[in-house]
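Visitor: This is the structure I want to talk about, given as structure tokens.
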Amino acid sequence: MLLHHQFVRVAKRYEAKLAIVDRTLNRKVTYKRALIGSLLLAKKFERYAPGFLGIMLPNSAGSVLSILATLMSGRVPVMINYSTGAAMNCEFAQKKCDFKTIITSRALCQKINCRHVEGMVYLEDVMKSVNIFDKIKAAFRAGRPVDRVLQSIHAGNEDDTLLILFTSGSEKEPKGVQLTHRNISQNYESLIKAFSFTPDDIFLANLPYFHVFGQTANLWVPLSIGMTLVTYANPLDFKTICEIVREEKVTLMAGTPTFFWGYLRNSKPGDFATARILLSGADKCPDALRKGFTDKHNKVLLEAYGTTETSPAITVNTLEYNRPGSVGRPIEGVQIRLENYESGEPCGVGEIGKILVKGDNVMKGYFDDFEQTSLSIRHGWYDTGDMGFLDADGYLWHVGRLKRFLKVGGEMVSLIKVEDVLEKLLPPDVECCVVEVPDALRGARIVAAVTQSIDEKATLKKMSEQLPNIAIPSKFVVVAEMPKTGSGKIDFRTITEKVRDIVQAK
């Protein structure tokens, strides 16, 4: 299924229904107007070189229509992260994918202090160039029968690249992930069945579209069914988002633990009354966060697991099948294999191994990187680089990145496990991250970064009751703020470098 074609079918079926409630710009757009707008922009985008078209826009009606228009015009959207280093990210994407034009917003660039990058086209200027004849032509095209509308836009097949997303770069240089129409179609079709999504649902769309979680959950799932999207540009504006959820009667929300912590602390009882699904992903969901939503809002916070390379969903917990602490069971159409990290043999129940994934959700490959693609996908199985185990009932328990395991005295130590124990001993407003620091004598040692000073002696004593001596941090360092990626995940590369600099300076 071609996803922009599916949007056309849905838009024709639900013409009078609200497609987008844009809370950033206070606009409401029906499916009919969304179809007209995307067809209009598609004509404008046809003037740019074929191939890739960069998109750097915050969540809004404009970003939704620009992505649709790019596909309708036969171009492939390259989504650019504007949360940190926007200009640098633009130039990195242009060089990596060999394209020039980037659709962005002057208002966004001014807000984030992003300088003009050669090739930038501002959406405000594109819209100023629209005349009455452009509007009449787009309205006429949108008014024709579905088949005629589909014939007037770019076609292709399911295995064509739908878009390119860049990995977070939290561990090393970002890679360009090529996701196809088939990849994301498989994901959303399985998620619809898992969560019983319907056109009556109202989905909060505040996860950035440069992140795969935002693309699938906050764009293609709702548009492919006929839901209403409520877009808002800043997921960190916690108080406003709680108000939006209440006022717009949102039924579906997805987010990272960082975002959900913010919503929990800034919400009032009743803010989430209409929400039937609250889905946490992209990072481990702490027990305290789950308990907080249960105690304050009587809502179950469900945890899921995925990666950019798998479009993203691999496993989910649902209201009917939920095992708190696990990341759920595989979605329909997805297979999981747990493999011993040294021997490559399949793992038994409860045995920790590398998580491999097979299914139509697995990416086409990394753009212009055959070597890394062949290292990551072998015989159809994608190596996530994550470690975990399956319990007897088929629930997956994620225990961290393989790179976040440290071999000490012949034993594998999970830094995630150390973090998990430490997190439970810290006050709720203190964040932590445990990293490996090279040591001339011992080869490596474990250091814990925390965002506030703590009673180290008492904390270490309590940790020693739950962890072996080799897993106890040798030192604590205080950082003013935990660096995050645009999706709200801890930026491990940055915090590791920061901690190593602090330790070496001493």
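Visitor: Using the Kirkwood radius over Cα pairs, work out the Stokes-Einstein diffusion coefficient for the stretch 409-505 at 20 °C and 1.002 mPa s, in µm²/s as a whole number.
Guide: Rounded, D is 155 µm²/s.
Visitor: What trypsin sites (Lys or Arg not before Pro) in the stretch 243-316 are in a loop by DSSP, with at most 13 other Cβ atoms within 10 Å of the Cβ?
Guide: Of the trypsin sites (Lys or Arg not before Pro), the ones in loops of the stretch 243-316 whose Cβ has at most 13 other Cβ atoms within 10 Å are 249.
Visitor: Rank the residues 213, 140 as a footprinting-exposure proxy: fewest other Cβ atoms within 10 Å of their Cβ go first.
Guide: Listing 213, 140 from fewest to most nearby Cβ atoms yields 140, 213.
Visitor: Let me ask you something else. For residue 323 and residue 43, compute 0.36 nm times the residue count separating them, minus their Cα-Cα distance, and round to one decimal in nm.
Guide: 95.9 nm is the gain from fully extending residue 323 to residue 43.
Visitor: Subtracting the Cα-Cα distance from 0.36 nm times the residue separation, let me have the gained length for residue 148 to residue 239 in nm, one decimal.
Guide: Net length gain for the segment: 28.3 nm.
Visitor: Quick check on the chain: helices-only [θ] at 222 nm, where DSSP H runs of length 4 and up contribute -39,500 (n - 2.57) each and the sum goes over total residues. Nearest 500, please.
Guide: Rounded to the nearest 500, the figure is -10000 deg cm²/dmol.
Visitor: Moving on to the next point. I'd like the Karplus ³J(HN,Hα) series for the stretch 199-215: coefficients 6.51, -1.76, 1.60, θ = phi - 60°, whole numbers in Hz, and an x wherever there's a Gly or Pro.
Guide: x, 7, 6, 10, 9, 6, 10, 10, 7, x, 6, 7, 10, 4, 4, x, 4
Visitor: Over the stretch 272-366, consider all pairs of different Cα atoms and compute the Kirkwood hydrodynamic radius from their mean reciprocal separation; express it in Å, one decimal.
Guide: 14.8
Visitor: Sticking with this one: Could you list 479, 21 in order of exposure, starting from the residue whose Cβ has the fewest other Cβ atoms within 10 Å?
Guide: If I rank by nearby Cβ atoms, fewest first, I get 479, 21.
Visitor: Continuing with this model, one more query. Which of 253, 127, 463, 79 comes first, and how do the rest follow, when ranked by fewest Cβ neighbours within 10 Å?
Guide: The most exposed by this proxy come first: 127, 463, 79, 253.
Visitor: I'd like the orientation of helix 132-143 relative to the chain: the angle between its Cα long axis and the longest Cα principal axis, in ° from 0 to 90, rounded to 10.
Guide: Approximately 80 degrees, to the nearest ten.
Visitor: May I ask which of 43/128; 354/462; 403/462; 96/484 have a Cα-Cα span longer than 20 Å here?
Guide: Exceeds cut-off: 354/462; 403/462; 96/484.
Visitor: Follow-up. Using θ = phi - 60° and the Karplus form 6.51 cos²θ - 1.76 cosθ + 1.60, what ³J(HN,Hα) does each residue of the stretch 51-64 get, whole Hz, x for Gly and Pro?
Guide: Whole-Hz 3J(HN,Hα) from phi for the stretch 51-64: x, 8, 9, x, 10, 10, 9, x, 4, 5, 4, x, 6, 4.
None of the figures in this text is laboratory data; all of them are computed from the coordinates on show. Source: prediction; values computed, not measured. Glycine gets a Cβ as well: all are built from the backbone with ideal geometry, and neighbour counts include every protein chain shown.
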